[in-house]
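For reference, the structure is listed below as structure tokens.
The values are calculated or read from the model by the stated rules, or taken from the named source; none is laboratory data. From a predicted model like this one, the values you see are computed outputs, not experimental measurements. Glycine also receives a Cβ, built like all others from the backbone with ideal geometry; neighbour counts cover every protein chain displayed.
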Amino acid sequence: MPIIPVILSGGSGTRLWPLSRDSKPKQFLNFGSEHSLIQETALRCQSEIFDPRPIFVCAESHRFLIAEDLLNIGVSADILLEPARRNSCAAITAGCLCAIARNPEAIVLVLAADHQIPDIAAFSKAVSQATKDADTGHLITFGIQPTKPATGYGYILPGGQISNHDCYKVEKFVEKPDQKTAEKYIQDGYLWNSGNFLFKAQSFIDEMMILAPEILKAVQEAHQKAESDLDFLRLEKDAFERSPSISVDYAIMEQTKKAAVFTVDYQWSDVGSWEAVWEVSNKSDAGNVVIGDAEIVDGRNNIVHSVGKLTTLVGIDDVAVITTSDAVLVTSKSQAENVKKLVTNLQDNGRVEANEALKIFRPWGNYERLDMDDQYQVKRIVVTPGGVLSLQKHRLRSEHWVVVSGNPEVTIDDDVRTLEPNQSVYVPLGAVHRLANHGKEPVVLIEVQTGDYLGEDDIIRLEDVYNRNSDS
């Protein structure tokens, strides 16, 4: 029976800020690969032991990013939309219920969407070997043989051996340690906790009935009342929000008597910090990692990621310098774990840069903010072939569109026409309007907004081919 992958994509990747933000978190980014991390995860589960149709559980705001990434690698999936963040236990429960609906005897492989495992053959072999013990009812987590006393991971102490020679009862789960404690864990035979699991879906649900019935009840109701929305299954909001927010480790794995750990020694990373990105990337002879437009003189063991501008370093070692169009991060690699605290501070101070990049992705393409002030905003808009913006109007702003390339179809009230490059059009305040690209090349235009309020929530949608009911 093929194993059904359940891939969790609810994280925001704040430790990789400013490249990773809530509007496009790290699972949709690529680090030294032609594929994003979420694409790599999906492709990792395409061998014959897996059901070719994985289940994704994702944040509603990321649904079109996932759909596009999967389309680009030719993978079809069931995509469950979480109407609210409720941590990993509720998400895994939803994935298991979906798997049971497909096959009551289903074995599921629960994976984070943003981890990196280069050796696909070793990964598939480990999953195949662990299936024997999962089939007997054990809830298996994969424990990684440590390569160093890392402080960014949780640890697992294996206990007595189960039937499989690489599978053990879990003696103890422990949280992320300090350096001295991590060194002791290595000496005592602890494993890194990968946060990836293998078990029969029904075995997990049975433990939920005993250990976390309140979560199970809420998610079951949300799943039963779920509605199809284009290519997605939207979990019912009110029921799902009644679920407590708690991780699967706390709710189940640290409480159950069925927990087991399968030991593996393949290369694994949760790509959880800029130091981790440095570790998994190709390096120069001086140990530097350069991604984008950057130059380093007399520096060693640095990582520089520069988007859209030249970034230079002179005489500096062991730092991460991350440059985007609207933010710059400079941190020692040893302090890279604390970037999450920085993002929290930015959020507390109301900085929009904490969560949103200047380029925002939409199902029809993307837009990038070029300039703004109190009463105007300039955007570069790209509409992909076949892309159609919603039929909409604004209460507080008017817009001017200048076509740079492509041939957009423009609707303004009852006037529908196709524009050429270098042509422009004015959209008065309150006018019903729409952009569409029926051509084979992207449409690029410059939009100038003027008015008393320029927020994305000043959109009244009248029709939308993507069934959106917000500014997403």
Name the residues in the stretch 392-419 that are loosely packed, with under 15 Cβ neighbours inside 10 Å, free of Cβ contacts under 8 Å to residues at least 40 places away in the same chain and of a type outside the set (A, V, I, L, M), would you? SER405, ASP413, ASP414, ASP415, ARG417, THR418
Given (1) of a type in the set (D, E, K, R); (2) out of contact with any Pro (no Cβ under 7 Å at 6 or more places or on another chain); (3) loosely packed, with under 15 Cβ neighbours inside 10 Å, identify the lone condition not met by ARG434. (3)
Whichever residue in the stretch 176-224 is farther than 25 Å from GLU105 by Cβ and among the basic types (Lys, Arg) and, among such residues, is nearest to the chain's Cα centre (by Cα): LYS176
Exactly one condition in (1) touching a residue at least 24 places away in the same chain (Cβ under 8 Å); (2) surrounded by fewer than 21 Cβ atoms within 10 Å (Cβ to Cβ) is false for LYS257; which is it? (1)
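Okay, residues lined up against (1) buried (at least 19 other Cβ atoms within 10 Å of the Cβ); (2) touching a Lys or Arg at 6+ places or on another chain (Cβ under 7 Å); (3) among the β-branched types (Val, Ile, Thr); (4) under 27 Å from LEU191 (Cβ atoms):
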| position | (1), (2), (3), (4) |
| --- | --- |
| VAL261 | yes, no, yes, yes |
| SER284 | no, no, no, no |
| ALA294 | yes, no, no, no |
| ASP298 | no, no, no, no |
| ILE316 | no, no, yes, no |
| SER325 | no, no, no, no |
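Hey, could you check the stretch 58-86 for residues that are part of a helix (DSSP H, G or I) and out of contact with any helix residue (DSSP H, G or I) (no Cβ under 8 Å at 6 or more places or on another chain) and say which is nearest to GLU254 (Cα to Cα)? Break it down stepwise before answering.
Restricting attention to the stretch 58-86, the residues satisfying the condition of being part of a helix (DSSP H, G or I) are 60-73.
Those left that are additionally out of contact with any helix residue (DSSP H, G or I) (no Cβ under 8 Å at 6 or more places or on another chain): 60-61, 63-64, 67-68, 71.
Details: GLU60: 29, SER61: 31, ARG63: 31, PHE64: 35, ALA67: 34, GLU68: 36, LEU71: 37 Å.
Looking at the filtered set, the residue picked out is GLU60.
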What's the total number of residues in the stretch 279-336 that are part of a strand (DSSP E or B) and not small (Gly, Ala, Ser)? 25
Could you please let me know if ASP249 is closer than 20 Å to VAL57 by Cα and in contact (Cβ under 8 Å) with a residue 24 or more places away in the chain? yes
Search result, residues across the stretch 369-379 that are touching a residue at least 40 places away in the same chain (Cβ under 8 Å) and either charged (D, E, K, R) or not assigned by TED's automatic domain parsing to the domain that holds GLU399 (or both): LYS379
Members of the stretch 426-472 that are acidic (Asp, Glu) and over 13 Å from HIS400 (Cα atoms): GLU441, ASP452, GLU456, ASP457, ASP458, GLU463, ASP464, ASP471
Scope the stretch 21-58; condition of a type in the set (Ser, Thr, Tyr) and modelled with pLDDT under 95; matching residues: SER23, SER33, SER47
Looking only at the stretch 227-245, count every residue that is within 17 Å of ALA67 (Cβ to Cβ) and either among the aromatic types (Phe, Trp, Tyr) or part of a loop (DSSP other than H, G, I, E, B) (or both) and tell me the total. 4
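Within the stretch 437-472, take every residue that is charged (D, E, K, R) and over 17 Å from GLY365 (Cα atoms) and give me the one that is surrounded by the fewest Cβ atoms within 10 Å (Cβ to Cβ). It would help to see each step written out before you state the result.
We begin by selecting, within the stretch 437-472, every residue charged (D, E, K, R); these are 440-441, 447, 452, 456-458, 461, 463-464, 468, 471.
Filter once more, keeping what is over 17 Å from GLY365 (Cα atoms): 452, 457-458, 461, 463.
Working: ASP452: 11, ASP457: 7, ASP458: 17, ARG461: 16, GLU463: 10.
Taking the candidates together, the pick is ASP457.
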For the subset of the stretch 97-121 comprising residues that are surrounded by 15 or more Cβ atoms within 10 Å (Cβ to Cβ) and small (Gly, Ala, Ser), which member is nearest to ILE162 (Cα to Cα)? ALA106
Which condition from (1) within 30 Å of LYS125 (Cα to Cα); (2) crowded, with 21+ Cβ neighbours inside 10 Å; (3) hydroxyl-bearing (Ser, Thr, Tyr) is the one that SER33 breaks? (2)
Within the stretch 368-383, can one find any residue that is over 19 Å from ASN467 (Cα atoms), at pLDDT 95 or above and touching a Pro at 6+ places or on another chain (Cβ under 6 Å)? yes
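Hey, among the residues in the stretch 87-141 that are in a strand (DSSP E or B) and of a type outside the set (A, V, I, L, M), which one's farthest from the chain's Cα centre (by Cα)?
Step one: filter the stretch 87-141 for residues in a strand (DSSP E or B), giving 107-112, 116, 139-141.
Those still in the list that are of a type outside the set (A, V, I, L, M) too: 116, 141.
Numbers: GLN116: 13, THR141: 21 Å.
Restricting to residues being in a strand (DSSP E or B) and of a type outside the set (A, V, I, L, M), the top hit is THR141.
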